[in-house]
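Here the structure comes first, spelled out in structure tokens, and everything after it is commentary.
The values are calculated or read from the model by the stated rules, or taken from the named source; none is laboratory data. Every value quoted in this text rests on a predicted model; they were computed, and no experiment measured them. Cβ placement follows ideal geometry from the backbone for every residue including glycine, while neighbour counts extend to all protein chains displayed.
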Amino acid sequence: MSIISWNCRGLGNLSSVPKFKYLIRYYNPDAIFLCETLVHRNKIEELRILLGFENCFAVDREGRGGGVALLWKSTIHCNITNYSSNHINVEIDDAHRGTWRLTGFYGYPGGSRRRDSWNFLRRLSQSSQLPWCIIGDFNDILDAIEKKGRSERPNWLINGFRQAVLDSGLSDVHMDGYPFTWFKSLGTPRAVEERLDRALANEAWFQLFPNAKLENLVAPASDHYPILLDRDPIIRSCRARRKFKFENAWCIETELDDVVHRSWLSTLERPIMPRLEVCAEDLSQWSKNHCHNLKKEIEDCRKKLQHARDQGSVSNANYVNALRKRMTHLLVQDDLFWRQRAKNHWYRDGDLNTRFFHASATSRRKVNRISYLKDDSGLRTTDISGMCNLAKNYFDELFQKQASTRGPVISTIMPTIFDDDNEKLTSPFKIEEFKEALFSMHSD
């Protein structure tokens, strides 16, 4: 199981969805815990639908702040045991390792309520004897080295949190990557960075998951970085190249109109079909040279953001902001890319048949993907080149066979199309009919 925890600093509009979709698609977590959602539960339900999770549980914001939520896939057997405005407690039934407890935690942000957070952590530790992991934004640090910038954090705050962790029988899950998870006023003399987000676990949990790792991620939104608790590697498969398809993601590129215009003007004397073929070739070449691969560009942008942070270049606020803006633009394009492949228009229309549409794009990938082919002797071929050759040979042989005589069979079939129908079907089409049919098609 893997889980992302993120203080997302608000889910007030759907413009944040592409950023979440990127995290989900790239890291493929089984669950995601969100704090400071700043919304009510109905908005979390919308997010669950758009992200493709089967289950969610949310606690409403209080006033204009707060709000926590947990979203998880059907592959996880979760049981909500208790919750508050600062936590969600669940028991997870693991078929291989038994039942264990997971807590999504959001510590009180105000300095005057730090002791409330510490005592709450102690009470949570006493509520169950199960193996336990707690993850989230604690709004506290365990050591002075977990803060960089002006004004050191008072020792009583550090010692108080550290003692609460010890009293709760918890230990820190080692985090790979950049050491800080929160920032403020980057690029100014007042810049501050701290490690406020973390995962803690008791000894019984570490015995169940000795190889568990925590990773500090990057994202183009919020002043917190997401963190990923993971014990399983992500396996990705390659795909064969496909024929030309117009990508809706191109529509937000400013150069698109110029490319189409130049291509169309260069083929004025040709028939419509050759002109479309030339335009498709020009678009493909333009996409190859300028749009590149969205997944690769997003990954490059993520690496640059991470490198800037890890090397201390975050002080260059203009550079970092430009990277975040570029990544946001790419994620919007990536969202358009996947919406186009869903072939169902629930994203815009708000279809409530959640089980149907949440996996529409994924199910198409499963249907369209051929894992292997068998030859006449029953041997499996799994590599793309071998499967292509096997399919080609099969159809070559199929179409070389002599067709059987079907005359006697056809003569017994009664016609269902009469003269009036045939006259309508064979009448010349009008350009207005063609235009009406074409423009009635959905843009995706």
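Considering only residues that are basic (Lys, Arg) and under 19 Å from Asp334 (Cα atoms), look in region 1-51 and name the one that is modelled with the lowest pLDDT. Once the filter is applied, the top-ranked residue is Lys19. The condition (being without any contact (Cβ under 8 Å) to a residue 60 or more places away in the chain and among the charged types (D, E, K, R)) is satisfied by just one residue among Glu62, Glu36, Glu54: Glu62.
Among the residues of region 39-48, those that are in contact with a Cys (Cβ under 9 Å, 6 or more places away or on another chain) and crowded, with 19+ Cβ neighbours inside 10 Å comprise Ile44, Leu47, Arg48.
Within region 155-185, the set of residues being among the hydroxyl-bearing types (Ser, Thr, Tyr), closer than 24 Å to Cys8 by Cα and surrounded by 15 or more Cβ atoms within 10 Å (Cβ to Cβ) comprises Tyr178, Thr181. Residue check: is Leu166 out of contact with any helix residue (DSSP H, G or I) (no Cβ under 7 Å at 6 or more places or on another chain) and aliphatic (A, V, I, L, M)? Against the criterion (out of contact with any helix residue (DSSP H, G or I) (no Cβ under 7 Å at 6 or more places or on another chain) and aliphatic (A, V, I, L, M)), Leu166 qualifies. Candidates in region 134-163 are the residues that are closer than 24 Å to Pro226 by Cβ and of a type in the set (Gly, Ala, Ser); of these, the one that is modelled with the highest pLDDT is Gly136. The criterion of being among the small types (Gly, Ala, Ser) and within 22 Å of Met175 (Cβ to Cβ) holds for Gly149.
Taking region 192-245 as the range and being farther than 23 Å from Pro18 by Cα, polar (S, T, N, Q) and at pLDDT below 90 as the test, only Asn211 passes.
Okay, residues lined up against (1) in contact with a Lys or Arg (Cβ under 6 Å, 6 or more places away or on another chain); (2) free of Cβ contacts under 8 Å to residues at least 40 places away in the same chain; (3) surrounded by 17 or more Cβ atoms within 10 Å (Cβ to Cβ):
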position: Arg275; (1), (2), (3): no, yes, no
position: Leu283; (1), (2), (3): no, yes, yes
position: Asn289; (1), (2), (3): no, yes, no
position: Lys296; (1), (2), (3): no, yes, no
position: Lys303; (1), (2), (3): no, yes, no
position: His307; (1), (2), (3): no, yes, no
position: Asn321; (1), (2), (3): no, yes, no
position: Lys325; (1), (2), (3): no, no, no
position: Leu331; (1), (2), (3): yes, no, yes
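Among the residues making up region 51-93, a single one is among the hydrophobic types (A, V, I, L, M, F, W, C), crowded, with 19+ Cβ neighbours inside 10 Å and not in a strand (DSSP E or B): Phe53. For region 104-119, indicate whether the set of residues that are in a loop (DSSP other than H, G, I, E, B), farther than 24 Å from Ser171 by Cβ, of a type in the set (Ser, Thr, Tyr) and free of Cβ contacts under 8 Å to residues at least 60 places away in the same chain is non-empty. No, region 104-119 contains no residue that is in a loop (DSSP other than H, G, I, E, B), farther than 24 Å from Ser171 by Cβ, of a type in the set (Ser, Thr, Tyr) and free of Cβ contacts under 8 Å to residues at least 60 places away in the same chain. Of all residues in region 111-119, none are surrounded by 18 or more Cβ atoms within 10 Å (Cβ to Cβ) and closer than 17 Å to Ala31 by Cα.
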